[in-house]
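Colleague: Here it is: the structure, laid out below.
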Amino acid sequence: TVSKPLAEGMALLLQSLGIVPSIHRRWMNKSTQQAYILRISGIEQLERLKTIFGPERQSEIETVLQGYERRIAQSGFQRREAFVTLEVTRVERETAAEYVYSMETATATLLTGSGLVAHNCFPKDVKALAHMAALHGCHPQLLQAVMEINKDKRREVVRKLRDLLDGLRDRTVGLLGLAFKPNTDDIREAPAIEIAHMLRREGAIVKGYDPVAMPNASRALPWLILAEDPYDLAAGCDAIVIVTEWNEFKHLDFERIRTLMRQPVIVDGRNIYDPERMAQLGFVYRGMGRGYNGARRTEL
């Protein structure tokens, strides 16, 4: 493409899939301006992408991959599941007009253009791409659909609670996890913040606990009742919602939590617990896209 915003936006989308492309500029045949080329190298990355071009190309790609006589590990970065990190060896300043997708001042890092990916900022990246598309006269229906699906998942949590509790007025709901992802105190775009607002609008009493994000959450939601730990959160709750999948939440004493709650209702927004186990412990348990009803699973 000759569009720099499109090339950089595609690079960010690929990075959200764990693919790290490089961007090159070159003159194409009969072109009047240089084009931006996204290049994906390394057999590991090609294997990750072999299904993205559709079934008609998959056999061709698999044939190419099978022709590799040896695998040479890529160097210069470290892969960490769905993203990679690299060491900055030199910094040069240059004045330029660039789109800024995300800025992190607390950690002194800056994410611009097709540069460094510091962390998962998928919601903000999607909004930025949709905004750029609108600026350039395009209609970002797919991006708008992605954002609407994300919002609907949060509304679905509230719908489940409303059905399970026969209404939300004067019900006490605990939010387990307030940060937008584990291992951060960042609450920007955090599902817990929007869910808390929706619950309060329906008359619910909202409690919250997070290992590190409670100071930020208290500033954003001054009416939120903050708990000292997950067990303090459970005390007197009619329902608990698992919003952020912190590792420490995977090893809680749910027998104790069951005795502390007013009603044993759990909506697992991250599907980190086993439905059969939760049912055995006496919980009314609902996950996202799955459920448990007696001895059988049902799609919700």
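The values are calculated or read from the model by the stated rules, or taken from the named source; none is laboratory data. Values in this document were obtained by computation on a predicted structure and should not be read as measured data. Glycine gets a Cβ as well: all are built from the backbone with ideal geometry, and neighbour counts include every protein chain shown. Accessible surface areas use protein heavy atoms only, side chains included; no ligands, DNA or RNA. Shrake-Rupley method; radii C 1.70, N 1.55, O 1.52, S 1.80 Å.
Colleague: For the stretch 155-281, what does the accessible surface come to per residue with a 1.4 Å probe? Please give it in Å².
Modeller: Per residue, the stretch 155-281 has an accessible area of 45 Å².
Colleague: Could you pull out the trypsin sites (Lys or Arg not before Pro) across the stretch 209-269 that fall in loop regions by DSSP (anything but H, G, I, E, B) with no more than 16 other Cβ atoms inside 10 Å?
Modeller: Answer in residue order: Arg262.
Colleague: Moving to a separate point now. Would you calculate the separation in nanometres between label points at Asp232 and Met28, each defined as 7 Å from the Cα along the Cα-to-beta-carbon direction?
Modeller: Result: 6.0 nm between the two label points.
Colleague: How do Ile19, Ile37 rank by accessible surface area computed with a 1.4 Å probe, from largest to smallest?
Modeller: Ile37, Ile19
Colleague: With a 1.4 Å probe and all protein chains in place, put Thr244, Thr89 in order of accessible area, largest first.
Modeller: In descending accessible area the options line up as Thr89, Thr244.
Colleague: Accessible area of Glu60, 1.4 Å probe, to the nearest 10 Å²?
Modeller: Result for Glu60: roughly 90 Å² accessible.
Colleague: Let me ask another. Structure shown: which of Lys50/Lys250; Lys50/Lys153; Lys50/Lys160; Lys153/Lys250; Lys160/Lys207 lie over 26 Å apart, alpha-carbon to alpha-carbon?
Modeller: Distance filter (> 26 Å) returns Lys50/Lys250; Lys50/Lys153; Lys50/Lys160.
Colleague: Follow-up. What distance in nm lies between label points placed 7 Å from Cα along the C-beta direction at Phe53 and Ile37?
Modeller: The modelled label-to-label distance comes out at 1.5 nm.
Colleague: To the nearest 0.05, what FRET efficiency results for Arg200 and Glu156 with a Förster distance of 25 Å applied to their C-beta separation?
Modeller: E between Arg200 and Glu156, to the nearest 0.05, is 0.90.
Colleague: What FRET efficiency comes out for Asp163 versus Ile225 if R0 is 30 angstrom and r is the Cβ-Cβ distance? Round to the nearest 0.05.
Modeller: 0.80
Colleague: Hey, another quick one. Got a sec? Which residues in the stretch 13-45 would a label at Arg188 touch, if it sits 7 Å along Cα→Cβ and we count backbone N under 18 Å?
Modeller: The answer is 13, 16, whose backbone nitrogens lie closer than 18 Å to the label point.
Colleague: Taking a label point 7 Å from the Cα of Glu62 along the Cα→Cβ vector, which residues of the stretch 17-49 have an amide N closer than 15 Å to it?
Modeller: Within reach of a label on Glu62, which here means backbone N under 15 Å from a point 7 Å along Cα→Cβ, the stretch 17-49 contributes 47-49.
Colleague: Protein chains only, probe 1.4 Å: how do Val173, Val284 rank by accessible area, largest first?
Modeller: Heavy-atom accessible area, descending, gives Val284, Val173.
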